[in-house]
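Q: What follows is a single structure, and I will ask about it in a moment.
Laboratory data are not the source of any read-out in this text; all were calculated from the coordinates shown. These numbers were taken from a predicted model, which means no experiment stands behind them. Heads up, the Cβs are rebuilt from the backbone with ideal geometry, glycines too, and the neighbour counts pull from every protein chain shown.
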């Protein structure tokens with residue numbers, strides 16, 4: 001019998017795809033084998049699509065009894081070596097935080113798609129609101145770093161999901177994809193590359209040849225460099241005898257209490273030391289820009305138009321786009337904002353989670369203008385108005 | 001009994017010392033449980049079955065929830081793949097493991113607060129799916145690790161730190177719940193019947209489907225010391241259960257075999273544990289096998 005891999009990849013070409021479906025296809029391309037989910041608007045299409053597609057590739061899509069069960073099943077599947085993911089929205093995410101914090105501790109990777117909707121509480125379920133950006137950074141008790149992607153189109157949902165799975169295998173921490181209600185339901189053309197091209201990008205879950213090696217992140221005694229080994233797999237020789245979510249060393253053996261600080265350092269520095277490799281950013285007309293727009297997700301699309309319009313009027317403005325929101329690329333932003341006349345941060349939330357991060361690394365005399373929008377998209381004119389005001 | 005027989009000068013070697021995790025790490029059996037606790041015996045019994053049945057550790061991972069019994073990993077077999085997971089979520093994690101690697105048969109350890117309290121939903125749905133795994137519920141009718149609060153299984157009239165006057169809520173029955181939810185092998189025994197426990201465990205290992213085995217264990221420190229063996233009911237004066245022996249006697253007295261219970265009235269069975277095998281249905285369809293059929297339909301024409 002075939003192993004079902006024949007249906008893993010779509011035929012190369014252009015497809016008109018919904019955002020949620022593009023993300024699901026991206027996951028399948030990177031070798032998704034388990035999906036545990038619970039229906040919640042606006043992420044429901046992901047589980048609907050994968051319920052049909054995953055059995056075709058020999059995987060398993062389970063509708064669990066609640067969000068807690070779905071994230072735990074995902075963790076269980078990832079423990080035994082399957083690439084696993086879940087998709088939910090804000091209320092589901094808040095339920096799942098318990099397991100996210102445990103997964104960070106035992107360094108079990110999985111990908112987590114958050115199709116954000118307007119909150120707090122149940123809120124408006126069908127409109128976008130980037131209100132989980134802060135929650136994803138601090139999801140769960142305890143200290144740990146996460147990686148979060150903010151795609152802005154269906155094509156990116158497909159591509160970045162593959163990158164997200166690769167990051168999960170490499171850095172072994174919770175990975176978020178911050179989609180939203182409009183991006184998840186938008187229909188756009190997605191260009192599916194040929195199978196060989198995708199396979200070249202994908203990092204598979206394999207057992208290293210030397211199975212006696214370390215199972216958890218650890219510090220090299222001589223170089224003090226952090227080593228991140230491949231994730232262990234339960235049910236094989238490459239697995240610690242005891243998996244426990246307490247401070248542990250590279251083999252899963254408990255650390256004495258006085259070493260907890262060292263453990264925290266290892267867990268957090270594995271991301272912070274690699275921030276240059278992890279963080280993905282994009283620049284647009286930034287070379288001579290005096291006014292800088294820093295943004296992520298859907299507002300970037302409106303910003304492009306606003307910048308083009310402003311340039312026609314002779315205002316020197318450029319965009320610095322965060323593709324990975326977390327970890328926040330502190331050093332990169334620091335370099336970009338030097339000498340800027342003003343910084344504009346259009347965000348789809350009122351508090352301005354990223355604006356606060358930008359404030360952290362900017363000189364006090366550079367004004368930071370927030371352009372908040374909730375439950376609706378930014379119109380280019382909204383951003384253009386802000387640009388013209390500071391250019392006066 | 002003379003002291004020579006009870007405490008022989010030469011300590012006999014434990015037959016399963018080398019097999020246990022604690023024996024491997026420290027060369028001796030170390031238990032972190034209170035005096036009179038039943039979990040030490042459970043850990044040993046698990047090691048015995050694991051050794052005797054020559055279980056493949058790669059196929060029988062041990063998923064442990066949160067409770068006093070989490071410390072059982074010191075006593076279980078050294079080769080067993082031990083995983084400490086979250087409070088109440090062990091059944092959900094086992095579901096993911098089983099579905100991602102259907103050759104596995106996860107063994108889940110959970111407590112009464114763990115399985116019937118916080119994880120009640122996961123427990124019900126595990127039984128409903130009839131996923132191939134073994135679920136142990138260690139019922140000591142108290143939250144031991146946090147210091148003796150009332151559990152969903154605490155018997156009527158019992159004193160705990162959160163029910164200082166008496167427990168007045170009706171108790172939750174793990175076996176009834178498992179039967180209603182559709183588990184295909186359901187049994188209850190006590191730690192005062194260790195051979196029966198081993199028998200049920202071995203039977204569950206051969207069974208395909210969800211096996212739920214509830215084990216009644218004593219908690220001397222937080223349940224026994226605070227409660228009389230008549231649990232405050234009127235009539236005969238009760239005696240405080242402040243030793244393991246007294247609690248074992250109470251558990252034996254309080255357990256009624258299912259065959260005997262058939263002829264007893266509801267009033268007579270109040271606050272009693274019915275023990276025995278409640279259901280054994282090997283013909284019920286198992287979840288991962290059913291899913292395999294779905295995969296075969298979906299993969300057609302591949």
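Q: First check a/c for the stretch B:123-181, with a ≥ b ≥ c the square roots of the eigenvalues of its C-alpha gyration tensor; if it is under 1.5, answer rounded, and if not, answer prolate when a/b is larger than b/c or oblate otherwise. Display every interim value, and only then the final one.
A: Numbers: a/c = 3.75, a/b = 2.11, b/c = 1.78.
Prolate, since a/c reaches 1.5 and a/b exceeds b/c.
Q: Moving to a separate point now. What spacing in nm lies between the two simple spin-label points modelled at residue A:207 and residue A:66, each 7 Å away from Cα in the Cβ direction?
A: Here the answer is 3.7 nm between the modelled labels.
Q: Could you calculate the FRET efficiency of residue A:126 with residue B:272 from 1/(1 + (r/R0)^6), where r is the beta carbon distance between them and R0 is 56 Å, rounded to 0.05?
A: Working: r = 54 Å, r/R0 = 0.96.
After rounding to 0.05, the efficiency reads 0.55.
Q: Still on this structure, please answer the following. Please figure out what share of the DSSP beta bridges in chain A is antiparallel and state it in percent, rounded to the nearest 5.
A: About 30 percent, rounded to the nearest 5.
Q: Need the full-extension length gain, residue B:202 to residue B:52, defined as separation in residues times 0.36 nm minus the C-alpha distance. One decimal, nm. Before the final figure, lay out each step's value.
A: Details: separation 150, 0.36 × 150 = 54.00 nm, distance 0.99 nm.
Length gained, residue B:202 through residue B:52: 53.0 nm.
Q: What does the stretch A:5-201 give for Rg and for Dmax, in Å, if only its C-alpha atoms count?
A: Calculated on Cα positions, Rg and Dmax stand at 15.1, 45 Å.
Q: At 222 nm, what value in deg cm²/dmol follows for chain B if DSSP H runs of at least 4 each add -39500 (n - 2.57) and the sum is divided by all its residues, to the nearest 500? Intermediate results must be reported in sequence, preceding the final value.
A: Working: 10 runs with 94 residues, N = 302.
It comes out at -9000 deg cm²/dmol, rounded to the nearest 500.
Q: Let me ask something additional. For the stretch A:69-119, what does the alpha-carbon gyration tensor say about shape, rounded, prolate or oblate, given a ≥ b ≥ c as the root eigenvalues, a/c under 1.5 as rounded, and a/b over b/c as prolate? Walk me through the numbers on the way to the answer.
A: Numbers: a/c = 2.44, a/b = 1.79, b/c = 1.36.
Prolate, since a/c reaches 1.5 and a/b exceeds b/c.
Q: Sort A:318-331, B:103-116 for me by packing, meaning the mean count of neighbouring Cβ atoms within 10 Å per residue, highest on top.
A: Working: A:318-331: 21.2, B:103-116: 27.2.
Highest-to-lowest ranking by the protection proxy: B:103-116, A:318-331.
Q: What is the stretch A:291-351's relative contact order, in percent, from Cα pairs under 8 angstrom and six or more apart in sequence? Spell out each step's value before the answer.
A: Numbers: 62 pairs, mean separation 33.0, N = 61.
Relative contact order here is 54 percent.
Q: Same structure, new question: If one takes the longest principal axis of the Cα atoms in chain B, at what angle in degrees, from 0 to 90 and to the nearest 10, does the Cα axis of helix B:287-299 lie?
A: 10 degrees
Q: Sort the stretch A:280-391 into rounded, prolate or oblate with this rule: let a ≥ b ≥ c be the square roots of the eigenvalues of the Cα gyration tensor; rounded if a/c is under 1.5, and if a/c is not under 1.5, prolate when a/b is larger than b/c, oblate otherwise. Can you show the working numbers first?
A: Numbers: a/c = 1.40, a/b = 1.09, b/c = 1.29.
Rounded.
Q: By how many degrees, between 0 and 90 and to the nearest 10, does the Cα long axis of helix A:19-29 differ from the longest principal axis of chain A?
A: It is inclined by approximately 40 degrees.
Q: Show me the three semi-axes of the equivalent ellipsoid for the stretch B:25-101, from the C-alpha gyration tensor (sqrt of 5 times each eigenvalue), largest first, rounded to whole Å. Present the calculation step by step, with values, prior to reporting the outcome.
A: Values: eigenvalues 96, 56, 18 Å².
Gyration-tensor ellipsoid for the stretch B:25-101: 22, 17, 10 Å.
Q: Considering the Cα positions of the stretch A:167-245, please state its Rg to one decimal place and its Dmax as a whole number of Å.
A: Computed over the Cα atoms of the stretch A:167-245, radius of gyration and Dmax are 17.9, 53 Å.
Q: Using every pair of alpha-carbon atoms in the stretch A:333-392, split the distances into 5 Å bins beginning at 0 and state the percent of pairs per bin, rounded to integers.
A: 4, 18, 28, 23, 19, 7, 1
Q: Where the centroid of each part is defined by its Cα atoms, how far is the stretch B:112-187 from the stretch B:60-111 in Å?
A: The two parts, judged by their Cα centres, are 17 Å apart.
Q: Using alpha carbon coordinates only, what is the Rg to Rh ratio of chain A, with Rh defined as the Kirkwood radius?
A: Values: Rg = 21.2 Å, Rh = 21.7 Å.
Dividing the radius of gyration by the Kirkwood radius yields 0.98.
Q: So if each residue of separation counts as 0.36 nm, and I subtract the Cα-Cα distance between residue A:52 and residue A:335, what length gain in nm does that give? Walk me through the numbers before you get to the answer.
A: Numbers: separation 283, 0.36 × 283 = 101.88 nm, distance 4.70 nm.
Additional length available on full extension: 97.2 nm.
Q: Taking 8 Å as the Cα distance limit and 6 or more residues as the minimum spacing, I'd like the relative contact order of chain A as a percentage. Mind showing how you got there, number by number?
A: Working: 845 pairs, mean separation 61.8, N = 392.
Relative contact order here is 16 percent.
Q: Need one value for A:230-236: mean number of C-beta atoms belonging to other chains within 10 Å of its residues' C-beta atoms. List each step's numbers first, then the result.
A: Numbers: counts 0, 0, 0, 2, 11, 12, 3.
Average neighbour count from other chains, rounded to a whole number: 4.
Q: Moving on. Looking at the protein assembly as shown, what % of its DSSP beta bridges pair antiparallel, to the nearest 5?
A: On the way: 22 of 84 bridges.
Once the DSSP bridges in the protein assembly as shown are tallied, antiparallel ones form about 25 percent.
Q: Can you list, bin by bin at 20 Å, the percent of alpha carbon pairs in the protein assembly as shown, starting at 0?
A: Spelled out bin by bin, the protein assembly as shown gives 17, 44, 28, 9, 1, 0 percent.
Q: Taking the mean number of other Cβ atoms within 10 Å as a proxy for protection, how do you rank A:345-358, A:290-303 from highest to lowest? It would help to have the intermediate numbers written out before the result.
A: Details: A:345-358: 21.3, A:290-303: 24.3.
Descending packing order for the listed peptides: A:290-303, A:345-358.
Q: What FRET efficiency, computed as 1/(1 + (r/R0)^6) with R0 = 25 Å and r the Cβ-Cβ distance, is obtained for residue A:188 and residue A:381, rounded to the nearest 0.05? Display every interim value, and only then the final one.
A: Details: r = 23 Å, r/R0 = 0.91.
The computed FRET efficiency comes out at 0.65.
Q: Additional query: Semi-axes of the equivalent ellipsoid for the stretch B:33-300, please: Cα gyration tensor eigenvalues, times 5, square-rooted, ordered largest first, whole Å. Mind dumping the intermediate values first?
A: On the way: eigenvalues 208, 76, 56 Å².
Values for the stretch B:33-300, descending: 32, 20, 17 Å.
Q: What do you get for Rg/Rh of the stretch A:243-308 when both radii come from the Cα atoms and Rh is the Kirkwood radius? Intermediate results must be reported in sequence, preceding the final value.
A: Details: Rg = 20.7 Å, Rh = 15.8 Å.
Across the stretch A:243-308, the Cα-based Rg/Rh ratio is 1.31.
Q: OK, next. Can you show me the helix-derived [θ] at 222 nm for chain A, built from DSSP H runs with n ≥ 4 at -39,500 (n - 2.57) apiece and divided by the number of residues, rounded to the nearest 500. Write down the numbers at each step before the final one.
A: Working: 14 runs with 148 residues, N = 392.
Dividing the helical sum by the residues of chain A leaves -11500 deg cm²/dmol.
Q: Same structure, new question: For labels at residue B:162 and residue A:365 in the simple 7 Å Cα→Cβ model, what's the distance in nm?
A: That separation, rounded to one decimal, is 5.9 nm.
Q: If you line up the long axis of helix A:90-106 against the longest principal axis of chain A, both from Cα atoms, how many degrees apart are they, to the nearest 10?
A: Tilt of helix A:90-106: around 50 degrees.
Q: Next question, about the same structure. Describe numerically, in nm with one decimal, the distance between label points set 7 Å from Cα along Cα→Cβ at residue A:392 and at residue B:289.
A: 7.7 nm
Q: To check you understand DSSP bridge types, tell me what percent of the beta bridges within the stretch A:280-391 (both residues inside) are antiparallel, rounded to 5. Don't skip to the end; give the middle numbers.
A: Values: 4 of 17 bridges.
Antiparallel: roughly 25 percent of the beta bridges in the stretch A:280-391.
Q: Can you pull the Rg over Rh of the stretch A:307-366, Cα-only, Kirkwood?
A: Working: Rg = 12.3 Å, Rh = 12.7 Å.
With Rg and the Kirkwood Rh in hand, the quotient comes to 0.97.
Q: So, by mean Cβ neighbours within 10 angstrom, what's the order for A:114-127, B:284-297 with the highest one leading?
A: A:114-127, B:284-297
Q: Here is a further query. For the stretch A:211-337, what's the relative contact order in percent, using C-alpha pairs closer than 8 Å and at least 6 residues apart?
A: Values: 163 pairs, mean separation 26.4, N = 127.
It comes to 21 percent, rounded to a whole number.
Q: Another question, if that's okay. Work out the mean other chain Cβ neighbour count within 10 Å for the residues of B:253-260 and drop it here as an integer. Spell out each step's value before the answer.
A: Working: counts 0, 0, 0, 0, 0, 0, 0, 0.
Taking the mean over all residues of the peptide, I get 0.
Q: Whole Å is fine, so just give me how far the alpha carbon centre of the stretch A:63-98 lies from that of the stretch A:314-392.
A: 33 Å
Q: Gain in length, residue A:283 to residue A:197, computed as 0.36 nm per residue apart minus the alpha-carbon separation, to one decimal in nm? List each step's numbers first, then the result.
A: Values: separation 86, 0.36 × 86 = 30.96 nm, distance 2.56 nm.
Extending this stretch completely gives an extra 28.4 nm.
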